[in-house]
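First up is the structure itself, then whatever we jot down about it.
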Amino acid sequence: MPVGGLDWYRGHWRQYHRWQPQLVCLCESNDAWVRGEYSGGYHVGAKDYARAAKVARLSVLISATYAFLASLVLVLGREVLPRIYTSDPAVLVLTAEVLLIVAAYQFFDCTQATIIGALRGYKDTQYPMIISIIGYWLIALPVGTILGWGLLGWNLGVLGFWIGLGCGVGFVALFAVVRLYRTSRDVDRISQFSRI
């Protein structure tokens, strides 16, 4: 997101930006994503669709549980965690506000990555691409820009950009989970994707 032009805490932004809390969750959720994609794809290739559905559900459950716990740590530690990196009061206030939005974003992002990985295991790639384009380019970027730069009057700065990103990722997660639910139960759709 283009936040470098914001006047908010221009000198302190680099201190805050060094700490990327989403990296904590990505490492563990990627393991569930990889297992969902490759193991689920293995079972789809073997035409064991019931086991592929179980692997997909388990992968999403593991990822969502871990993402929830990581988000809970961010919410509960939003006042304490930033103190590891800075003592600047302005940065601490901004970080505490942003971490609330990042926690929600984190849950949806970890979960949608695993769901889209499971869809890849089913060889369903076109629909996830379309919802990702809509979620990131048509929702996250415009909403973040409008709220972050105050184009409609609400100048939320960095917080606005994170809200926009959260809206886009939430959209992708919602539509991806519906697609996974329907695909994992539709043998004809699975067979059609397997032929591609």
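Read-outs: derived from the displayed coordinates by stated rules, not from any lab. In this text the structure is predicted, and so the values were computed from the model without any measurement. Glycine also receives a Cβ, built like all others from the backbone with ideal geometry; neighbour counts cover every protein chain displayed.
Dipole size in debye (nearest 20) for the stretch 43-196 around its Cα centre, Lys and Arg Cβ +1, Asp and Glu Cβ -1? List each step's numbers first, then the result.
Values: 13 positive and 8 negative charges, 160 e Å.
For the stretch 43-196, the charge dipole is close to 760 debye.
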Item to check | Taking the stretch 50-196 and dividing mean pair separation by its residue count, relative contact order in percent (alpha carbons under 8 Å, at least six apart) | outcome: 25
Item to check | Footprinting exposure proxy for 149, 162 (fewest neighbouring C-beta atoms within 10 Å first) | outcome: 149, 162
Item to check | In nm, spacing of pseudo-spin labels at residue 84 and residue 50 (7 Å Cα→C-beta vector) | outcome: 4.5
Checklist outcome for this item: Per the 1/(1 + (r/R0)^6) rule, R0 = 30 Å and r from the Cβ atoms of residue 151 and residue 93, FRET efficiency to 0.05 is 0.80
